[in-house]
Amino acid sequence: SPPAMWSGLFTHLTKSWNNFKGLDPGYVTWMDLMAKHGYRTQTYGKLDYTSGHHSVSNRVEAWTRDVDFLLRQEGRPMVNLTGDRKHVRVMAADWQTTDKAVSWIKEEAANLSQPFVLYLGLNLPHPYPSPYAGENFGSSTFLTSPYWLEKVTYEAIKIPKWSSLSEMHPVDYYSSYTKNCTGEFTKQEVINIRAFYYAMCAETDAMLGEIISALGDTGLLEKTMVVFTADHGELAMEHRQFYKMSMYEGSSHIPLLVMGPGVTQQQQIPDVVSLVDLYPTMLAIARIPVPQNLSGYSLIPLLRGKAENKVSPRPSWVLSEFHGCNVNSSTYMLRSGRWKYITYSDGRSVLPQLFDLSEDPDELTNIALKFPGMVHALDKVLRSIVNYPEISSSVQEYNKRQFISWKQSLGQNYSNVIANLRWHQDWLKEPKKYEAAIEKWL
């Protein structure tokens with residue numbers, strides 16, 4: 001998540017529980033430290049790591065995920081083709097942000113006497129808001145133009161296998177339902193959603209190209225490190241879901257591309273690494289001493305292509321955790337080599353999942369019951385990093401506290417406001433039933 005990238009700390013340490021609750025003021029980011037050590041810093045676009053962002057609906061959905069009800073929170077995923085073969089700048093806002101960054105490189109960075117760090121945050125590739133589903137529905141429209149769609153090879157698109165709804169893991173079922181994906185989808189709809197997502201990736205790629213060209217034109221490229229990464233992936237109809245908020249590869253496995261001086265070219269590094277590793281990596285590039293308490297480790301030894309010496313501090317696992325909306329319990333994922341272990345809540349009330357990614361790259365077969373020894377070993381490692389039953393229960397308490405104070409702040413307006421959040425299409429059919437479910441939870 002963005003808070004993990006900016007703070008270098010696991011989510012349970014910063015308590016960035018959902019899209020609204022990010023980093024509290026006072027966290028020192030790697031960019032703050034670089035500024036303090038003489039770097040000229042510049043940010044453009046989406047930052048998304050401090051508290052207070054995202055809609056009221058987003059907050060309330062995260063707080064009420066422990067309530068015993070199922071309500072669709074997102075618009076049904078769909079595609080929308082706009083413009084013609086000459087329409088290049090589909091995501092106009094991202095292009096404007098990219099133009100600003102390009103101008104800054106050419107007019108400012110090229111003439112600096114001090115080193116610089118530039119951060120450019122893009123929205124793409126991310127589904128767009130869904131106006132067809134009512135103003136406060138989520139972002140479920142995959143939008144592109146013929147210019148980008150023509151770059152996608154339809155024949156190469158894999159159609160994901162879906163389990164039947166009755167066989168789904170209960171958390172997956174909740175996610176699929178709240179994401180409005182439990183209805184019927186034709187094969188062509190699924191292919192199109194995936195194709196449009198790839199077209200949106202191509203458009204994003206072109207923005208990165210503009211930045212690299214600007215560095216080339218100003219003679220800065222050979223002395224500048226370029227890092228490209230993301231805060232989440234996109235399921236694009238894998239596991240009968242779109243969007244993110246999941247520990248499946250489509251959502252949790254993200255790009256990390258690095259080029260620059262001292263980086264071995266054309267190498268693919270098989271090691272699992274994490275967004276928390278970016279903080280110590282940025283400091284290592286700038287030769288700034290790394291604070292002691294960070295959750296991650298510098299990627300520099302891996303990037304230089306040297307066989308790491310025997311005393312490498314880097315663990316053999318990565319941790320991911322999620323506590324927000326569209327998933328009805330806190331989720332923890334430990335990835336170690338070929339194994340992915342996912343556990344929920346207190347580890348007992350919801351069945352864990354174990355996948356062997358070398359045998360089952362599409363994560364279709366949960367083998368947790370077949371390999372209890374492996375589950376036990378991975379769970380022990382996970383508990384040594386985070387006391388997850390305790391964290392889950394403190395998130396549950398936080399959700400309840402936040403909801404109660406929000407409810408009190410609305411007074412007489414509560415019934416009307418809660419009925420008209422993103423789930424209004426379902427809620428308004430039986431408002432009394434859903435209000436009662438919330439009272440029971442409280």
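Please report, in debye to the nearest 20, how large the charge dipole of segment 1-441 is about its Cα centre when each Lys and Arg carries +1 at its beta carbon and each Asp and Glu carries -1 there. It would help to have the intermediate numbers written out before the result.
Numbers: 43 positive and 45 negative charges, 117 e Å.
Taking the Cα centre of segment 1-441 as origin, the dipole is about 560 debye.
Hey, what angle do you get for helix 431-441 against the long axis of the chain, alpha-carbon based, 0 to 90 degrees rounded to 10?
Its long axis makes an angle of about 70 degrees.
Under a GNM of the chain (C-alpha, springs under 10 Å), which listed residue has the highest mean-square fluctuation: VAL190, VAL417, VAL117?
Top of the fluctuation ranking is VAL417.
Kindly work out what percent of the DSSP beta bridges joining two residues of segment 1-441 are antiparallel, to the nearest 5.
Percent antiparallel among DSSP bridges in segment 1-441 is about 65.
Which log10 I(q)/I(0) values does segment 101-244 give at q = 0.10, 0.11, 0.16, 0.17 Å⁻¹ under the Debye formula, counting every alpha carbon as one identical point scatterer?
-0.49, -0.57, -0.93, -0.99
Using the beta-carbon distance between LEU112 and LYS432 and R0 = 51 Å, what value does 1/(1 + (r/R0)^6) give for FRET efficiency, to the nearest 0.05?
0.20
Once every DSSP H run of n ≥ 4 in the chain is given -39500 (n - 2.57) and the sum is divided by its residues, what mean residue ellipticity at 222 nm do you get, rounded to the nearest 500 deg cm²/dmol? Kindly include the intermediate steps, with their values, before the conclusion.
Numbers: 16 runs with 159 residues, N = 442.
Mean residue ellipticity at 222 nm (helix-derived): -10500 deg cm²/dmol.
Can you classify segment 363-426 as rounded, prolate or oblate using the Cα gyration tensor, where a ≥ b ≥ c are the square roots of its eigenvalues, rounded means a/c under 1.5, and otherwise it's prolate if a/b beats b/c and oblate if not?
Oblate shape, in that a/c is at least 1.5 and b/c is the bigger or equal ratio.
Mind jotting down the three principal axis lengths of segment 207-337 based on Cα atoms? Whole angstrom, largest first.
For segment 207-337, the Cα extents along the three principal axes come out at 49, 39, 25 Å.
Among ASN366, ASN326, ASN416, which one moves the most in a GNM of the chain with springs linking Cα atoms closer than 10 Å?
For the chain, modelled as a Gaussian network with Cα springs under 10 Å, the answer is ASN416.
By a straight-distance test (C-alpha under 25 Å), which lysines pair with LYS380 as possible cross-link partners, with residues fewer than eight away in the same chain excluded?
LYS15, LYS310, LYS340, LYS370
Output the relative contact order of the chain, whole-number percent, from Cα pairs under 8 angstrom with separation of 6+ residues.
Once divided by the residue count of the chain, the mean separation gives 19 percent.
In whole percent, and with a 1.4 Å probe on the protein chains, what portion of the accessible area of the chain is carbon and sulfur? Numbers along the way, then the final one.
Numbers: 11100 of 21400 Å².
With neighbouring chains kept in place, the figure for the chain is 52 percent.
Of GLY337, GLY347, GLY219, which has the largest mean-square fluctuation in a 10 Å C-alpha GNM of the chain?
GLY219
Show me the three semi-axes of the equivalent ellipsoid for the chain, from the C-alpha gyration tensor (sqrt of 5 times each eigenvalue), largest first, rounded to whole Å.
They are 35, 27, 24 Å, listed from largest to smallest.
Just going by the charge dipole of the chain, with Lys and Arg at +1 and Asp and Glu at -1 on Cβ, which of ALA133, THR264, PRO77 is farthest out on the positive end?
Going by the charge dipole, the pick is THR264.
Any idea of the accessible area per residue across segment 232-386, 1.4 Å probe, to the nearest Å²? Walk me through the intermediate numbers first.
Numbers: 7490 Å² over 155 residues.
On a per-residue basis, 48 Å².
Starting from segment 234-294, pick out the GluC sites (Glu not before Pro) whose DSSP state is loop and whose Cβ has at most 14 other Cβ atoms within 10 Å.
Passing sites in segment 234-294 do not exist.
The values are calculated or read from the model by the stated rules, or taken from the named source; none is laboratory data. These figures come from a predicted structure and were not determined experimentally. Methodologically, a virtual Cβ is constructed for each residue, glycine included, from the backbone with ideal geometry; neighbour enumeration extends over all protein chains shown. Quick note on the areas: whole protein, heavy atoms, side chains included, nothing else; ligands and nucleic acids left out. Shrake-Rupley method; radii C 1.70, N 1.55, O 1.52, S 1.80 Å.
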